[in-house]
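K.L.:
Please read through the structure below; I'll follow up with questions.
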Amino acid sequence: MAVDELDTRILRLLLDRPRTSVREYARILGVARGTLQARLDRLEREGVITGTGPFLSPAALGHPVLAFVHIEVTQGHLDDVGDALAAVPEIIEAFSITGGGDLLTRVVARDNAHLEDVIQALISLPGVVRTRTEVALRERVPHRLSPLVESIGAAAGRAATRN
């Protein structure tokens, strides 16, 4: 989906000020509320906006240990293992990947002993051949999308001035 400069301005506002009302967004952007709402609806419908906050901190919820667990799966069991991973509450994300392993999971735990328990539970899942775990020491770049949105907006602005 192509987003234009107004779309990226809307997205930047959503990221920077997520608790602001639609009316206030429209005022800040200098557009009609109906225009803004139509844009938001389209961005949601087309999958650009995939949800709304709040964003929660696993550490503040008592799970300060973050690890990335690579899981190698027996051929033909990827869907079964993926379904089983969804039942493990400490797995907060899982992706099919290329390279070393078949799945990459983001796992949180209360402490290292709890992390070991979670990994042992993963190893015991039918179809799991082996795991490799990497413990995160410190977050260096938090999850962010603003720089990407700004880059897309700048490109859309350049394209609009050429046309």
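K.L.:
Take the residues in segment 128-163 that are of a type outside the set (Lys, Arg) and part of a loop (DSSP other than H, G, I, E, B); name whichever of them is nearest to residue 99 (Cα to Cα).
P.N.:
Selected residue: 136.
K.L.:
Pairs under 7 Å by beta carbon, first residue closer than 23 Å to residue 56 by Cα and at pLDDT 95 or above in segment 80-109, partner surrounded by 11 or more Cβ atoms within 10 Å (Cβ to Cβ) and hydroxyl-bearing (Ser, Thr, Tyr), six or more apart or different chains?
P.N.:
Note: pairs meeting the criteria are 85/105; 91/105; 93/105; 94/105.
K.L.:
Assuming residue 2 fulfils every condition listed in (1) over 20 Å from the mean Cα position of the chain (by Cα); (2) of a type outside the set (Phe, Trp, Tyr); (3) within 26 Å of residue 105 (Cβ to Cβ); (4) open to solvent by 60 Å² or more (accessible area, probe 1.4 Å) apart from one, which condition is it?
P.N.:
(3)
K.L.:
Please note which helices (runs of 4 or more DSSP H) are completely contained in segment 15-127 and include at least 3 residues that are open to solvent by less than 40 Å² (accessible area, probe 1.4 Å) and within 23 Å of residue 2 (Cα to Cα).
P.N.:
Ranges flagged: 22-29, 33-45.
The values are calculated or read from the model by the stated rules, or taken from the named source; none is laboratory data. Bear in mind that the values here come from a model prediction, so they are computed numbers and not experimental data. Because the Cβ atoms are built from the backbone with ideal geometry, glycine has one as well, and the counts that use them run over all protein chains shown. What goes into the accessible areas is simple: the full protein's heavy atoms, side chains included, and nothing from ligands, DNA or RNA. Shrake-Rupley method; radii C 1.70, N 1.55, O 1.52, S 1.80 Å.
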